[in-house]
Amino acid sequence: MADRALAIDIGGTKLACGLVDADGLIEHRRQAPTGDGDDGEARFATLVELVDAVLLAGGLDDPVVCGVGCGGPMTDGGTTVSPVNIGAWRHFPLRDRLAAHFGVPTFVDNDAKALALGEGWVGAAAGERNFLAMVVSTGVGGGLVLDGRLVDGADGNAGHIGHVIVEPDGAPCGCGARGCLEAEASGTGIHRATGRPAHEADVTV
């Protein structure tokens, strides 16, 4: 069997992972709730259990690399992560912990930047050299590609559009500011404003 990558998506609401082949096809996908509370090790244990189930389903051909998209902010290269919507992880050493546990080279980046790379590879932006990809879920994130290259920024957080203030003195945001795009227009923000999940909310004006 051809080499496969272990792909992990870490969000404020759910964790997801799967094995990805050289054509971008996902095998043995699994997901689980992220969970809440202030026990960072419990969150990591949930993630490891989920990934172990995927590896077991995948059989004898272990992945050769692990790629992780995680909510930000984070330090450059995902050495430590402090996702706004996962309060239990502050300066959590995600990359090294995963690499040590699974024994393969591990790369961590902002989830929306990872989305941008995926869309540019086999998705809606394939063949495009300039585009912005956005995640609108528990939070709001963005990944920016210019002239065919993913923009990183000084600390790897470039394109993080969710914390642009769009409503001065608006709703409080988990980052500590008010009126961020994430606070106003994420699934969490819509639920707070309407009292219903975003997919059920009538937000017409």
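The values are calculated or read from the model by the stated rules, or taken from the named source; none is laboratory data. Note that the structure is predicted; figures quoted are calculated from it, not measured. All Cβ positions, even for glycine, are placed from backbone atoms using ideal geometry, and neighbour counts span all protein chains on display. We work out accessible area using only protein heavy atoms, side chains counted, and drop any ligands, DNA or RNA first. Shrake-Rupley method; radii C 1.70, N 1.55, O 1.52, S 1.80 Å.
Within the stretch 185-205, the set of residues being of a type outside the set (G, A, S), open to solvent by 70 Å² or more (accessible area, probe 1.4 Å) and touching a helix residue (DSSP H, G or I) at 6+ places or on another chain (Cβ under 9 Å) comprises R192, R196, H199, E200, D202, V203.
Restricting T138, T79, T75 to those that are at pLDDT below 95 and under 12 Å from the mean Cα position of the chain (by Cα) reduces the list to T138. Please determine whether any residue of the stretch 166-175 is under 24 Å from A16 (Cα atoms), in contact with a Lys or Arg (Cβ under 7 Å, 6 or more places away or on another chain) and either in contact (Cβ under 8 Å) with a residue 24 or more places away in the chain or of a type outside the set (S, T, Y) (or both). Looking through the stretch 166-175, none of the residues is under 24 Å from A16 (Cα atoms), in contact with a Lys or Arg (Cβ under 7 Å, 6 or more places away or on another chain) and either in contact (Cβ under 8 Å) with a residue 24 or more places away in the chain or of a type outside the set (S, T, Y) (or both).
Among the residues making up the stretch 73-92, those that are β-branched (V, I, T), over 17 Å from I161 (Cα atoms) and open to solvent by less than 40 Å² (accessible area, probe 1.4 Å) are T80, V81, I86.
Considering the stretch 93-115 alone, what residues qualify as being within 21 Å of D39 (Cβ to Cβ), surrounded by fewer than 21 Cβ atoms within 10 Å (Cβ to Cβ) and not basic (K, R)? Passing the criteria: P93, D96, A100, H101.
Of everything in the stretch 152-165 that is surrounded by fewer than 16 Cβ atoms within 10 Å (Cβ to Cβ) and β-branched (V, I, T), the residue that is nearest to the chain's Cα centre (by Cα) is V164. The set of residues from the stretch 30-59 being under 17 Å from L19 (Cα atoms) and assigned to a loop (DSSP other than H, G, I, E, B) comprises just one member, G59.
For the stretch 123-151, a residue qualifies if it is open to solvent by less than 40 Å² (accessible area, probe 1.4 Å) and over 18 Å from G78 (Cα atoms), and the qualifying residues are G123, A125, F131, A133, V135, T138, G139, V140, V145.
Among the listed residues T46, T34, which satisfies the condition of being of a type in the set (V, I, T) and open to solvent by 20 Å² or more (accessible area, probe 1.4 Å)?
On the way: T34 fails: open to solvent by 20 Å² or more (accessible area, probe 1.4 Å).
On inspection, the qualifying residue turns out to be T46.
Of the residues making up the stretch 31-50, just one is over 19 Å from T138 (Cβ atoms) and in contact with a helix residue (DSSP H, G or I) (Cβ under 7 Å, 6 or more places away or on another chain), namely V48.
Report yes if D62 is out of contact with any Cys (no Cβ under 8 Å at 6 or more places or on another chain), part of a loop (DSSP other than H, G, I, E, B) and within 16 Å of L19 (Cβ to Cβ), otherwise no. Judged against the criteria, D62 is a match.
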